[in-house]
Amino acid sequence: MVDIVPIQADVHSRIKINDSNMAHVSGQQVIPILFQEFLSASRTYPIVFVKNADTGKFQSVCVLGIKPGQNKFVKNNQWTTGYIPQIAKNAPLYLIADEASQNQLHLGIDETSPRVDFDKGELLFDAEGKETAYLLARKNNLVAYLENEAVSKNILELLVEMDLFAHQQLSVQVDGESVSIKGVYIIDEEKLSQLADNHVLTLHKNGLFAPIYAHLMSLHQLSYVAAFNA
C-alpha cells in the first residue's frame, strides 16, 4: 500500500525526483492508460480493457508483458523504448484530497518510491523554500491528468451503454508455445459496425473513432511485445 503524504517545503527541501528511474513499474504487466494516450501508445503496445471484479467498472490498460509481473520495456530500471504511459511518469507525485474538505486537492508524495532521490534528479523547492519550476510543471501535469482521467471514465461509461465490449482471450506464440492472456475485453468490431445512427453520431462528435480504431489496430502489437527484448 502506497503511503502518500502532503508535500512540505520544510520536510522535502532536499528531496529530488529522478524521472529516469522506472523501477516502480518494472514488474507491471499492464499499466492504466487514458483514451487521450491511445494514439501514441498503440504504436508499440496492445491496448485492452479490464473489468474490476468488485465494482464492475472498466479500465483501459496497455499490455507491457506476456506473463504476470513482466514489463518487457523496463531494463535496469530504465524505460527502453516506446511511449511511456502518463501514470508511470506521474509517480511519486499525486493529488490528494484535503482531510477537512474533499473538494480541495493538495500535492502529495510517496516518500518510499524509488524515484525519490537525494543525489540525482530535480529539486522540488529552491533555497528559499519556494516551489521550483519543475514542481510547478509537474503539478500542472497532474491537474491535466485528473481532468483527462474524468473524461476517459465518461468515455468508458458511454461505450458500456452502447454495449461495445466483448470478452477476449489474447493468444501469442512464445518460443513455440502458445501463451494466453485472459480476463481482457476489446471493442467488438461487429457491434461497432451495427451501431444505431445516433450512437455513431455521438462517437463522431466526440472524436472517439480515432482512439477506438487505434485500440483495435494495437492488438496486432501483441506479437511485437512477445518478441521484444530490451
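Figure legend. Inter-residue proximity from the stretch 9-29: first residues over 13 Å from residue 113 (Cα atoms) and of a type outside the set (Lys, Arg), second residues part of a helix (DSSP H, G or I) and open to solvent by less than 50 Å² (accessible area, probe 1.4 Å), beta-carbon distance below 9 Å, spacing 6+ or different chains. Indicated pairs: 28/88.
Here is the figure for the stretch 177-219: residues that are open to solvent by 90 Å² or more (accessible area, probe 1.4 Å), within 19 Å of residue 30 (Cα to Cα) and at pLDDT below 95 total 1. Determine the pairs where a residue that is within 8 Å of residue 13 (Cα to Cα) and in contact (Cβ under 8 Å) with a residue 24 or more places away in the chain, located within the stretch 120-134, has a partner that is in a loop (DSSP other than H, G, I, E, B) and open to solvent by less than 40 Å² (accessible area, probe 1.4 Å) with Cβ atoms under 9 Å apart, the partner being 6 or more residues away or on another chain. Note: pairs meeting the criteria are 123/15; 123/132; 124/7; 124/15; 124/132; 125/7; 125/15; 125/132. Screening residue 8 on (1) within 30 Å of residue 164 (Cα to Cα); (2) surrounded by fewer than 18 Cβ atoms within 10 Å (Cβ to Cβ) shows it passes everything except condition (1). Among the residues of the stretch 8-22, those identified as touching a helix residue (DSSP H, G or I) at 6+ places or on another chain (Cβ under 8 Å) and part of a loop (DSSP other than H, G, I, E, B) are 19, 22.
Yes/no matrix, rows are residues, columns are (1) touching a Ser or Thr at 6+ places or on another chain (Cβ under 8 Å); (2) surrounded by 13 or more Cβ atoms within 10 Å (Cβ to Cβ):
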position	(1), (2)
2	yes, no
21	no, yes
53	no, no
58	no, yes
77	yes, yes
89	no, yes
96	no, yes
108	no, yes
111	no, yes
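Note on the stretch 32-48: among residues that are surrounded by fewer than 20 Cβ atoms within 10 Å (Cβ to Cβ) and touching a Phe, Trp or Tyr at 6+ places or on another chain (Cβ under 9 Å), the one that is nearest to residue 149 (Cα to Cα) is 40.
The values are calculated or read from the model by the stated rules, or taken from the named source; none is laboratory data. All values reported here derive from a predicted model rather than from experimental measurement. All Cβ positions, even for glycine, are placed from backbone atoms using ideal geometry, and neighbour counts span all protein chains on display. All accessible areas refer to the heavy atoms of the entire protein, side chains included, with ligands and DNA or RNA removed. Shrake-Rupley method; radii C 1.70, N 1.55, O 1.52, S 1.80 Å.
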